[in-house]
């Protein structure tokens, strides 16, 4: 933490200044991770309950998986991400929190279909593999002294490429292209996990004690890490998940 001495401490008070910054940063990052973990938990609960309701009610299953409503459910999370990205600065903290939890719940509806495709055991296994990989990558992004900001443009280009390829594959239905998308997806979102962690950490130093802005940027940071986790999980599930027969 010596690199923070000149930025935050005055001569003679360096140790106190660094300790204050470190304590504030730890609290800020803990808030980010708590939001993210809570969002993942809510998504998992909603996804599983939706799947169970679909099993017990063919009409409900047809409504959310076989009717035009499924497109609304699939695209709604993207709408929440765009809405939060554009409006978060003008929103209250409570409104940003509600939007985040609604997003996580809607994402659960969208992801409930994975229980129809993959076995519960493989979903659980891949989830824990993703969690272990995410933890290691996030720790790297938090602790490394290397500047990862140069990764940003390359990784965003990778995300755009994945989206375009996925849209094309809706029509091609190519297993080879799907495999390539999944492999690239794992690599891109692994890189984004480290990159976003460092970016969130760096954002803390630019808040200048603005508590309200810190609360909202913590939510947006959690959203970024949440999306990294979910996309890496889906990519790994496509690669290693066992499908229902």
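Simple spin-label model, 7 Å along Cα-to-Cβ: residue 178 to residue 205 in nm?
Going by the 7 Å Cα→Cβ label model, 4.5 nm.
Would you mind checking the tilt of helix 151-172 against the longest principal axis of the Cα atoms of the chain, expressed as 0 to 90 degrees and rounded to 10?
That works out to roughly 10 degrees.
According to a simple spin-label model (label point 7 Å from Cα along Cα-to-Cβ), what is the distance in nm between residue 164 and residue 82?
1.9
Would you mind telling me which residue in 142, 33, 205 has the biggest mean-square fluctuation in a Gaussian network model of the chain, where springs connect alpha carbons within a distance under 10 angstrom?
Greatest mean-square fluctuation among the candidates belongs to 205.
I want to check the label-to-label distance for residue 34 and residue 71. Put each point 7 Å from Cα in the C-beta direction and report it in nm to one decimal.
Rounded to a tenth, the inter-label distance reads 4.1 nm.
For the chain, take the longest principal axis of its alpha carbons; what is the angle in degrees between that and the long axis of helix 175-204, to the nearest 10 within 0 to 90?
30
Is the shape of the stretch 148-218 rounded, prolate or oblate, going by the alpha carbon gyration tensor and its root eigenvalues a ≥ b ≥ c, with a/c under 1.5 for rounded and a/b larger than b/c for prolate?
Values: a/c = 3.90, a/b = 2.75, b/c = 1.42.
Note, shape of the stretch 148-218 comes out prolate.
What's the extension gain from residue 91 to residue 156 if we count 0.36 nm per residue and subtract their Cα-Cα distance?
20.8 nm
To the nearest 500 deg cm²/dmol, what mean residue ellipticity at 222 nm is calculated for the chain from DSSP H runs of n ≥ 4 alone, each contributing -39,500 (n - 2.57), summed and divided by the residues?
Computed mean residue ellipticity for the chain: -28000 deg cm²/dmol.
In Å³ and rounded to a whole number, note down the convex hull volume per residue for the Cα atoms of the stretch 14-107.
Residue-normalised Cα hull volume stands at 103 Å³.
How tilted is helix 211-240 with respect to the longest principal axis of the chain? Cα atoms for both, answer in degrees (0 to 90, nearest 10).
Once rounded, the angle reads 40 degrees.
Taking the chain as a Gaussian network, where each spring joins two C-alpha atoms under 10 Å apart, which residue of 104, 37, 95 fluctuates the most?
95
Radius of gyration and Dmax for the stretch 2-240's Cα atoms, expressed in Å?
Values for the stretch 2-240 (Cα only, Rg and Dmax): 19.7, 71 Å.
Since every read-out is calculated from the coordinates, none of them should be taken as a lab result. Worth saying up front: this structure is predicted, and the values here are computed from it rather than measured. Neighbour counts run over all protein chains shown; Cβ positions are idealised from the backbone, glycine included.
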